[in-house]
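Structure first, commentary second.
The values are calculated or read from the model by the stated rules, or taken from the named source; none is laboratory data. What you see is a predicted model; the values in this text were computed from it and never measured. As a convention, Cβ positions derive from the backbone with ideal geometry for all residues, glycine included, and neighbour counts pool all protein chains shown.
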Amino acid sequence: MIEGRVQGVGYRASFADKAVALGLSGWVRNRRDGSVEACVHGEVAAIEAIILWARQGPPAARVSNVTIEDAVEPAPSDGTFKIC
């Protein structure tokens, strides 16, 4: 979960681009409360890299908090990444 000014600033598209570049699969979506939610699957180092990136985001974003949790339902591991 990524909170702050993260909607309307290209956050989801930038997140997806970074995830694909890192070889991750999964999804990213806006939430009604103004936050962005993502679920990723891949190598530990790549997941750690996307978490570091998520704390900054694209230039117009202002991230105030990133919460990491294990997913109840795992992200797809088929190599695809979706923007929902």
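Filter segment 1-39 down to the residues that are in contact with a Ser or Thr (Cβ under 7 Å, 6 or more places away or on another chain) and closer than 16 Å to THR80 by Cα and list them by number. Quick ask: steps written out before the conclusion?
Filtering segment 1-39 down to residues in contact with a Ser or Thr (Cβ under 7 Å, 6 or more places away or on another chain) leaves 1-4, 6, 25.
Residue satisfying the conditions is SER25 alone.
Just checking, how many residues over segment 61-82 are of a type outside the set (Ser, Thr, Tyr), assigned to a strand (DSSP E or B) and at pLDDT 95 or above? Break it down stepwise before answering.
Initially, segment 61-82 is screened for residues of a type outside the set (Ser, Thr, Tyr), giving 61-63, 65-66, 68-76, 78-79, 81-82.
With the extra rule that they be assigned to a strand (DSSP E or B), the set shrinks to 62-63, 65-66, 81-82.
Add one more test, that the residue is at pLDDT 95 or above, and what stays is 62-63, 65-66.
Of the residues in segment 61-82, 4 are of a type outside the set (Ser, Thr, Tyr), assigned to a strand (DSSP E or B) and at pLDDT 95 or above.
Would you call ARG32 touching a Gly at 6+ places or on another chain (Cβ under 6 Å) and modelled with pLDDT of 95 or more?
Working: touching a Gly at 6+ places or on another chain (Cβ under 6 Å): no; modelled with pLDDT of 95 or more: yes.
Taking the combined requirement at face value, the residue does not satisfy it.
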**Q.** Conditions (1) in a strand (DSSP E or B); (2) over 15 Å from PHE81 (Cβ atoms): number failed by PRO58
**A.** (1)
